[in-house]
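Single-structure report; data block below.
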Amino acid sequence: MNVLYVVPDLKKVSGGPRTRINMFKSVFVKNGDLIIEKGNKLIRSLFPRKINRVYIESATNRISIIDFIALLFLRFYAKEVTVFIRDIYIELFPEEYQTFRSKLTLILNKLSNFYLTLIATSMVFPTRTMGAVFFEKNKMFPKRRFTDLPPGTVLKTEDRVLPNFKEKLGILYLGSTKYTNSGFDKFVGFSNKYSENYNFFVLSGDENLKSDLAGTSIFLNSVNHSEIADFIAVHNIAYALHTRPRNEYDDLTFPIKVLDFVSLQLPFFTEKHIPLLNLFGDEYKLFLEVNDFDRMHQTIQKMDTAGYESLMVFLKEITLNNTYDERYNKLLSV
């Protein structure tokens, strides 16, 4: 038996981390494994059993007292304990935590990560580079073997239908707009300049975004993850923008929304983040600076049907090789 142990309450987690955990849950369930999450953690962890591997999705990088106790018992029962660390923002930017409350956050984060490292037999991160930096910044932590376990793709049963190039095309922004370095202002800037040429759509659950977009030509909506493909088809959306700029932090992590675009076979513009270069190689045709609005427009205008179809085929191949089933198999081999 394998166990997926979910640290955060999924009702309090949104966006990419929630998608990742839910996708992993479906694979664990399909393989007859045990899921331990909010509401049943302590009872289901105390019951003695033979466990091949416990996989811990920490997501928020902070554990509670119940997590502490439950994971201690699971460590006794399991042959292998693999911990996923999603984020090392605090390790990279400790100077941003100067107030009393933020210092407390930093301390609790460090203690949680120390405990998770202590009970782990192995660890996984979105990228191997993040793992290396994690242990470099935490020299007093126990050393553990580690590797990368990026988010995965969701294989669709049907190929996406081509957009209608004879009609006005849609451009999509997906996910949160509020976090640091979202680059959402680039999407707004592109829409301001080329609203006559394209329809611009934002799918986001952010609060107060409607008032922020008042006076723009951007259409705002929020749909379930399973409904995004239909939304794209209905609104003739041909491209998405991944607007995060490159910096030290973003080159260490792996943006989940990118793999949403890949799964949807939706070509997207993005800068050359190192994890994306490693995934796509240099041949991806939509790498560019996301504030170069004119070049984006020219690229779209020059794209013929054959070129667009080749992008869709390329994304489908990436999807097939990076599903959550593939991630699950890699996890079991760590």
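Hey, any hits in the stretch 118-126 for a residue that's aromatic (Phe, Trp, Tyr), more than 30 Å from Asn22 (Cα to Cα) and touching a helix residue (DSSP H, G or I) at 6+ places or on another chain (Cβ under 6 Å)? No, the stretch 118-126 has no match at all. Checked against (1) surrounded by 20 or more Cβ atoms within 10 Å (Cβ to Cβ); (2) in contact with a Lys or Arg (Cβ under 6 Å, 6 or more places away or on another chain), Pro8 meets all criteria but (2). In the stretch 145-174, the residue that is farthest from the chain's Cα centre (by Cα) out of those that are part of a loop (DSSP other than H, G, I, E, B) and crowded, with 18+ Cβ neighbours inside 10 Å is Pro163. Looking only at the stretch 107-119, residues that are open to solvent by less than 70 Å² (accessible area, probe 1.4 Å) and either free of Cβ contacts under 8 Å to residues at least 40 places away in the same chain or within 19 Å of the chain's Cα centre (by Cα) (or both) come to 2 in all. Restricting attention to the stretch 23-44, the residues being in contact (Cβ under 8 Å) with a residue 40 or more places away in the chain and polar (S, T, N, Q) number 2. Tell me, please, whether a residue that is under 17 Å from the mean Cα position of the chain (by Cα) and either crowded, with 19+ Cβ neighbours inside 10 Å or within 14 Å of Phe190 (Cβ to Cβ) (or both) can be found in the stretch 277-288. For the stretch 277-288, residues under 17 Å from the mean Cα position of the chain (by Cα) and either crowded, with 19+ Cβ neighbours inside 10 Å or within 14 Å of Phe190 (Cβ to Cβ) (or both): present. When the residues of the stretch 120-142 are filtered to those that are aromatic (Phe, Trp, Tyr) and either outside any helix (DSSP H, G or I) or without any contact (Cβ under 8 Å) to a residue 40 or more places away in the chain (or both), the one that is surrounded by the most Cβ atoms within 10 Å (Cβ to Cβ) is Phe125.
Is it true that some residue in the stretch 212-233 is closer than 29 Å to Glu317 by Cα, touching a residue at least 24 places away in the same chain (Cβ under 8 Å), in a loop (DSSP other than H, G, I, E, B) and open to solvent by less than 30 Å² (accessible area, probe 1.4 Å)? No, the stretch 212-233 contains no residue that is closer than 29 Å to Glu317 by Cα, touching a residue at least 24 places away in the same chain (Cβ under 8 Å), in a loop (DSSP other than H, G, I, E, B) and open to solvent by less than 30 Å² (accessible area, probe 1.4 Å). Taken together, the residues in the stretch 30-89 that are among the charged types (D, E, K, R), open to solvent by 70 Å² or more (accessible area, probe 1.4 Å) and farther than 17 Å from Ser112 by Cα amount to 5. The single condition from (1) closer than 22 Å to Asp87 by Cα; (2) touching a strand residue (DSSP E or B) at 6+ places or on another chain (Cβ under 7 Å); (3) free of Cβ contacts under 8 Å to residues at least 24 places away in the same chain that Leu288 fails is (1). Of Thr243, Thr177, all but one fail to be of a type in the set (Ser, Thr, Tyr), in a loop (DSSP other than H, G, I, E, B) and more than 29 Å from Ala306 (Cα to Cα); the exception is Thr177. All told, Phe201 meets the bar of being open to solvent by less than 70 Å² (accessible area, probe 1.4 Å) and of a type in the set (Phe, Trp, Tyr).
Here is a yes/no grid of residues against (1) modelled with pLDDT under 90; (2) farther than 21 Å from Phe125 by Cα; (3) touching a Cys at 6+ places or on another chain (Cβ under 9 Å); (4) among the small types (Gly, Ala, Ser):
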position: Lys11; (1), (2), (3), (4): yes, yes, no, no
position: Ile35; (1), (2), (3), (4): no, no, no, no
position: Thr60; (1), (2), (3), (4): yes, no, no, no
position: Arg75; (1), (2), (3), (4): no, no, no, no
position: Thr82; (1), (2), (3), (4): no, no, no, no
position: Gln98; (1), (2), (3), (4): yes, yes, no, no
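For the stretch 298-334, enumerate the residues that are free of Cβ contacts under 8 Å to residues at least 12 places away in the same chain and exposed (fewer than 15 other Cβ atoms within 10 Å of the Cβ). Result: Gln298, Gln301, Lys302, Asp304, Ala306, Ser310, Val313, Glu317, Asn321, Asn329, Ser333.
The values are calculated or read from the model by the stated rules, or taken from the named source; none is laboratory data. In this text the structure is predicted, and so the values were computed from the model without any measurement. Glycine gets a Cβ as well: all are built from the backbone with ideal geometry, and neighbour counts include every protein chain shown. These accessible areas exclude ligands, DNA and RNA; they are computed on the full protein's heavy atoms, side chains included. Shrake-Rupley method; radii C 1.70, N 1.55, O 1.52, S 1.80 Å.
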